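Below: one structure, written as C-alpha cells.
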Amino acid sequence: KECFLFQVETIEGFKDLYIPPGTQPGERLKFAQLGAPDIKNPTIRGDHNFVINVKIPKSIRFELRVLLYFVMG
C-alpha cells in the first residue's frame with residue numbers, strides 16, 4: 001500500500017513525515033523524542049506531534065472529477 005510523504009519542519013530541520021493509508025482527519029502522528037527539550041532536564045526531549053487536517057475542495061474541475069472516477073473505480 002502507498003502512503004503520502006510530506007516534508008515537515010522540526011527543530012532539527014526538515015524531516016520526512018509518512019502518512020499511512022487510512023489515516024483519518026484529526027488523527028495524530030508524532031516523531032518520538034524530536035520535540036522541545038525538557039526545561040529541568042535538557043537531555044530529555046518531548047515528542048513532536050502532528051494533527052492531520054484535510055481540506056476538501058467545494059468544487060473541482062470536470063477533468064479532475066473524471067480522473068478521480070477512474071482512479072477510485
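Identify all residues within the stretch 1-27 that are part of a strand (DSSP E or B), over 19 Å from Val54 (Cα atoms) and touching a residue at least 24 places away in the same chain (Cβ under 8 Å); write none if there are none.
Filtering the stretch 1-27 down to residues part of a strand (DSSP E or B) leaves 4-10, 13-19.
Adding the requirement that they be over 19 Å from Val54 (Cα atoms) leaves 10, 13-15.
Thr10, the sole residue that qualifies.
What is the residue count in the stretch 15-25 for residues that are at pLDDT 95 or above and loosely packed, with under 10 Cβ neighbours inside 10 Å?
Residues that pass the stated criteria total 1.
Could you check the stretch 48-73 and list, in sequence order, the residues that are within 25 Å of the chain's Cα centre (by Cα) and in a loop (DSSP other than H, G, I, E, B)?
Ile52, Asn53, Val54, Lys55, Ile56, Pro57, Lys58, Ser59, Ile60 - these are the residues of the stretch 48-73 that are within 25 Å of the chain's Cα centre (by Cα) and in a loop (DSSP other than H, G, I, E, B).
Go through the stretch 28-45 and report how many residues are part of a loop (DSSP other than H, G, I, E, B) and surrounded by 14 or more Cβ atoms within 10 Å (Cβ to Cβ). Walk me through it before giving the result.
Looking only at the stretch 28-45, we keep the residues that are part of a loop (DSSP other than H, G, I, E, B), and these are 32-36, 38-44.
Remaining after also requiring surrounded by 14 or more Cβ atoms within 10 Å (Cβ to Cβ): 34-35.
Residues flagged as part of a loop (DSSP other than H, G, I, E, B) and surrounded by 14 or more Cβ atoms within 10 Å (Cβ to Cβ) within the stretch 28-45 amount to 2.
The values are calculated or read from the model by the stated rules, or taken from the named source; none is laboratory data. Only a predicted model underlies this, so the values are computations on that prediction, with no experimental measurement involved. Glycine also receives a Cβ, built like all others from the backbone with ideal geometry; neighbour counts cover every protein chain displayed.
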